[in-house]
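Colleague: First the structure, then my questions, so here it is.
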Amino acid sequence: MIHEVDEALRLLLAEAGLAERGVEVVFDAPTRELAARRTAPTVSVFLYGIREDTGRRQAGAVAEHDADGVVVGHRAAPRWFELAYLVTVWTNRPQDEHRLLAEVLQCLTAVDALPARVLTGTLARLGLTVGLDIAGRDTGLPSVSDVWSALGGELRPSIDLRLLAPLTGALSPAGPPVTEGLVVHTTDTGRDTVPPPDGPGRRLRYRGATDPGPDGFAALRDRELPPGRRPRGGTR
C-alpha cells in the first residue's frame with residue numbers, strides 16, 4: 001500500500017507540469033547527501049511516519065467475487081494507516097525554492113483526496129477514498145522539528161503532508177461452488193435384508209441431470225447465478 005501511495009503522489013505532482021520543466025520528484029531523505037548529488041531542481045517527498053488509525057478498525061470480512069460473480073474468498077476488512085510525508089524543494093536560489101514550493105503546495109491543496117485516476121494496485125481495487133491533508137494537528141507522529149533533528153540537517157521550509165490510506169486485508173479462499181445436487185433413495189428398513197436401491201431415486205433441488213446410481217450424488221450441471229446477482233464492478 002505504501003508504494004502505491006508513493007506512486008499516486010508522483011503522478012499527482014506530475015500533473016502539475018514539473019517534469020516538463022526538468023524538476024525531479026524523489027522519495028529520498030532531505031539530507032546534505034541529497035543536496036550534494038542532485039543535478040536539477042528537486043522535490044523530495046520523504047515518508048517519516050506511519051500510524052494506524054485504530055478508530056477505523058472493523059471486524060468481519062467481505063466476500064470477494066470473480067468475473068462471473070462467484071465467491072472465491074473472504075477478505076478481512078481493511079485497516080487504515082496515516083502516512084506522514086515531509087515535502088521539501090531543492091534549487092540553487094531561495095527565491096526559486098519558494099516559488100517551486102508554492103506550486104507544490106497549490107497542487108496538494110487543490111484536492112481533499114487522491115484522485116481515482118492516480119490510484120493503482122490495491123488502492124484502485126478497493127475503491128476507497130485516500131484522504132489528503134496538510135497537517136495542522138498533533139496525531140502522535142514525530143514533529144517536523146524532531147524529524148529535521150534526526151536527519152542532522154538544517155531546518156528548511158517544508159510541507160507536512162498526511163494521507164489516510166487503507167491496507168487491504170488477508171484473503172481466505174472459499175471452497176468451490178456447489179454444482180451437484182443430492183439424490184435420495186428410500187428402502188424398507190423393517191426387512192431383515194435390505195436390497196440395494198433401484199430406480200432413479202428422487203433428486204433434490206436440481207433437475208435435468210442423469211441418475212447418479214447407488215452413490216446418491218448428482219451429476220455435474222451448469223451453475224446459473226442467482227437472480228439479481230451482478231459481478232463486482234460490472235452490470236447485471
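The values are calculated or read from the model by the stated rules, or taken from the named source; none is laboratory data. As the structure is a computational prediction, the values presented were derived from the model and not from experiment. Reconstructed Cβ throughout: ideal geometry from the backbone, glycine too, with neighbour counts over all protein chains shown.
Colleague: I'd like to check something: does the range 66-74 contain any residue that is closer than 23 Å to GLY140 by Cβ and in contact with a strand residue (DSSP E or B) (Cβ under 6 Å, 6 or more places away or on another chain)? First the steps, then the outcome.
Modeller: Of the residues in the range 66-74, the ones closer than 23 Å to GLY140 by Cβ are none.
No, because not a single residue in the range 66-74 is closer than 23 Å to GLY140 by Cβ and in contact with a strand residue (DSSP E or B) (Cβ under 6 Å, 6 or more places away or on another chain).
Colleague: If you check GLY22 against the conditions, is it under 27 Å from ARG162 (Cα atoms), surrounded by 15 or more Cβ atoms within 10 Å (Cβ to Cβ), among the small types (Gly, Ala, Ser) and touching a residue at least 12 places away in the same chain (Cβ under 8 Å)? Spell out how you get there, then give the answer.
Modeller: Working: under 27 Å from ARG162 (Cα atoms): yes; surrounded by 15 or more Cβ atoms within 10 Å (Cβ to Cβ): no; among the small types (Gly, Ala, Ser): yes; touching a residue at least 12 places away in the same chain (Cβ under 8 Å): yes.
Answer is no for this residue.
Colleague: Could you look through the range 25-35, keep only residues that are surrounded by fewer than 16 Cβ atoms within 10 Å (Cβ to Cβ) and aliphatic (A, V, I, L, M), and pick out the one that is modelled with the lowest pLDDT?
Modeller: So the first thing to find is which residues in the range 25-35 are surrounded by fewer than 16 Cβ atoms within 10 Å (Cβ to Cβ), and the list is 26-28, 31-33, 35.
Cutting the leftovers down to aliphatic (A, V, I, L, M) gives us 26, 35.
On the way: VAL26: 94, ALA35: 84.
The selected residue is ALA35.
Colleague: While we're on this one: Checking GLU20 against (1) closer than 30 Å to GLY140 by Cβ; (2) of a type outside the set (Gly, Ala, Ser); (3) not in a strand (DSSP E or B), which test does it fail?
Modeller: Tallying (1) closer than 30 Å to GLY140 by Cβ; (2) of a type outside the set (Gly, Ala, Ser); (3) not in a strand (DSSP E or B), GLU20 fails exactly one: (1).
Colleague: Would you confirm whether any residue within the range 159-180 is among the aliphatic types (A, V, I, L, M), touching a helix residue (DSSP H, G or I) at 6+ places or on another chain (Cβ under 7 Å), at negative phi and modelled with pLDDT under 90? Step through it out loud before you land on a result.
Modeller: Restricting attention to the range 159-180, the residues satisfying the condition of being among the aliphatic types (A, V, I, L, M) are 159, 161, 163-165, 167, 170-171, 174, 178.
Narrowing further to those that are touching a helix residue (DSSP H, G or I) at 6+ places or on another chain (Cβ under 7 Å): 159, 161, 163, 165.
Okay, now just the ones that are also at negative phi, so 159, 161, 163, 165.
From the residues that got through so far, the ones that are modelled with pLDDT under 90 too are none.
No: zero hits.
Colleague: From ARG93, ARG56, which residue is under 17 Å from ARG156 (Cα atoms) and of a type in the set (Lys, Arg)? Steps first, please.
Modeller: Numbers: ARG56 fails: under 17 Å from ARG156 (Cα atoms).
Only one candidate passes the filter, namely ARG93.
Colleague: Report, by residue number, each residue of the range 1-53 that is more than 24 Å from the chain's Cα centre (by Cα) and closer than 21 Å to VAL111 by Cα.
Modeller: Scanning the range 1-53 gives ALA16, GLY17, LEU18, ALA19, VAL43, SER44.
Colleague: Strands (runs of 3 or more DSSP E) wholly in the range 36-118 with at least 2 residues that are of a type outside the set (S, T, N, Q) and modelled with pLDDT under 90 - which ones?
Modeller: Because the criterion is at least 2 residues that are of a type outside the set (S, T, N, Q) and modelled with pLDDT under 90, the strands (runs of 3 or more DSSP E) in the range 36-118 that meet it are 61-65, 71-76.
Colleague: May I ask you to say which residue of LEU132, LEU141, LEU161 is part of a loop (DSSP other than H, G, I, E, B), of a type in the set (A, V, I, L, M, F, W, C) and either under 24 Å from the mean Cα position of the chain (by Cα) or surrounded by fewer than 17 Cβ atoms within 10 Å (Cβ to Cβ) (or both)?
Modeller: Working: LEU132 fails: part of a loop (DSSP other than H, G, I, E, B); LEU161 fails: part of a loop (DSSP other than H, G, I, E, B).
It is LEU141.
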